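Working notes, structure below.
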Amino acid sequence: MPEEAAVPPRSAPARRAAERIVAGARGLAGWPLLGVAAAALVAAAVRRVVRAPQIEADTVQVVLGAARALRCLEGGAATCPDLSYFPPLQYLPSAVVLLAGGSPGDAMRGLAWLNLAAWIGTSVLLAAALRRARGAWAAALALAAWLGGYGLAYANTTFGEVLTGFLALAFAVGCARRWPWAATGVLGLLAGLGKETAPPFLALIGASASLLPPGGARDARRFPWDRALAVALAVAGSAGANAAFNLWRYGETGNPFLLQPILRAPGVAQWLSALAALWISPNGGLLPFAPAAAALVCGAGAWALWRAARGADRWTSAAPALGALGLLAAATLGLAAWYSPFGWWAWGPRLVLPWLPACLFLALASPLPWGDAAARAARSRGPFALGAALLGGAVVIHAAALADPGEWLGHFTANPACGVVIIQRDPIGFYDYLGCLMWSTDRFLLGRMVRAALDPAAIGTVIAAVALEIALLWRARALWLERAAYLPTANARSSTSS
């Protein structure tokens, strides 16, 4: 026998021991790592809010406006003309803090805490609702998409979009899960108070979510008409409340500040440029800043349309995914006509953020054969590793933005290539300035924020966020493979038996 004879195969006990070690390592990389990473990320966000809440410049006007509104109410004034143009929901939390005896500073810090609570609440509700509707794999995938998007950076701000997004998601879940219609309608009404343009979006969310089968069954046999009451309360109630609030402060039902002609994009060319930027701008587009969420919503909508068109599904089954795609398309089409489509100085398309969680829920809860398709895709380790690397890179950027917002704000406040132009002072030059911000090639995304991620003050937040993202993707893949009986050991057995 030659000296280089093959080593005999391992015995069955040795093979089983090796499999147990691998399975234990996989288990450690699953739920335990997920829990530890989630706790670490929340702790980092709490530490950031405690030490340096990101209080936006407009927040001062919001808090002073809340104090002014309380004085008007105490005096029994029929009108309160000195209030600013912000929607009612942005005043309400500050008014509650002031009524409880808090200072304006307390009210501002309270808005940052409220945003953190809303971001955590959105994550928990999204996962819980999708776990019940489609399974643990959908919950893990949705959380990975949500965490890998720009909403993470707004967990430590005083903007109102995170709270509105949580309420819009709760409204969608309430319609889908058949919660009591009055409670569901109130959730939608509150979401509508966060955006004066919200009523048509709420109608689309409510109608799409109402067609979701409450128990995860294949098709909804009839439209649940009791949901119509919830949708009507949300749409009509928020529209009426916003109109009444405008009447109280402006003497008319519309918002004259937001309806100024100067705040509309001048011409089709500018509208198309802004629309393209909302999707692909390297400094704020949906695809660069929320790659997984945007891809899931668009992919689900296109897939649902294809299946319904060829008769594989009923149109009522396709409606939730189509509604999610329509909601995202309508939001970007409308915002492209606005002078500030991203929301002035914003990390990503801030004004789209209120609708993103509801879109994710509708897309993944839709009765499409997600599990089978995902299991087939997960068998290939190359695409999974590539997707995990891309999402991990996105999380690095967003975690750095959470830890060091001053770095990304520098793109707006200290950008020598663009400067700063105010539309009321230079309406023509403003759109050159906006175009520079949207399409600037100064390596803002990959340069400024990657360097910020390596800062010692940010590295803990970045590591926690990346670990959580990898754990979520790992669990999603393991659940897909398990669902289809494609785990490595089972795969080997099935291949030999066939």
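The values are calculated or read from the model by the stated rules, or taken from the named source; none is laboratory data. Everything numeric in this text was worked out from a predicted model, so none of it was measured. Neighbour counts are summed over all protein chains in view; Cβ atoms, including those assigned to glycine, are modelled from backbone coordinates with ideal geometry. Protein only, heavy atoms only, side chains kept; ligands, DNA and RNA dropped before computing areas. Shrake-Rupley method; radii C 1.70, N 1.55, O 1.52, S 1.80 Å.
Among the residues of region 66-75, are any in contact with a Cys (Cβ under 7 Å, 6 or more places away or on another chain), in a loop (DSSP other than H, G, I, E, B) and at pLDDT 55 or above? No: zero hits. Screening the candidates 227, 222 for the property of being in a helix (DSSP H, G or I) and at pLDDT below 95 yields one hit, 227.
All of 246, 283, 255 fail the test of being touching a helix residue (DSSP H, G or I) at 6+ places or on another chain (Cβ under 9 Å) and more than 24 Å from residue 348 (Cα to Cα), apart from 255.
Counting only helices (runs of 4 or more DSSP H) that sit completely within region 399-498, those holding 1 or more residues that are in contact with a Leu (Cβ under 9 Å, 6 or more places away or on another chain), modelled with pLDDT under 80 and closer than 30 Å to residue 270 by Cα correspond to 405-413. If you check 113, 119 for being surrounded by fewer than 18 Cβ atoms within 10 Å (Cβ to Cβ), under 14 Å from residue 159 (Cβ atoms) and modelled with pLDDT of 95 or more, only one passes: 113. Would you check if there is a residue in region 361-370 being in a helix (DSSP H, G or I), surrounded by fewer than 24 Cβ atoms within 10 Å (Cβ to Cβ) and not polar (S, T, N, Q)? Yes, some residue in region 361-370 is in a helix (DSSP H, G or I), surrounded by fewer than 24 Cβ atoms within 10 Å (Cβ to Cβ) and not polar (S, T, N, Q). Do you know which of the residues in region 241-272 that are open to solvent by less than 40 Å² (accessible area, probe 1.4 Å) and part of a helix (DSSP H, G or I) is farthest from residue 423 (Cα to Cα)? Looking at the filtered set, the residue picked out is 241.
Residues in region 62-95 that are surrounded by 17 or more Cβ atoms within 10 Å (Cβ to Cβ) and at positive phi: 0 in all.
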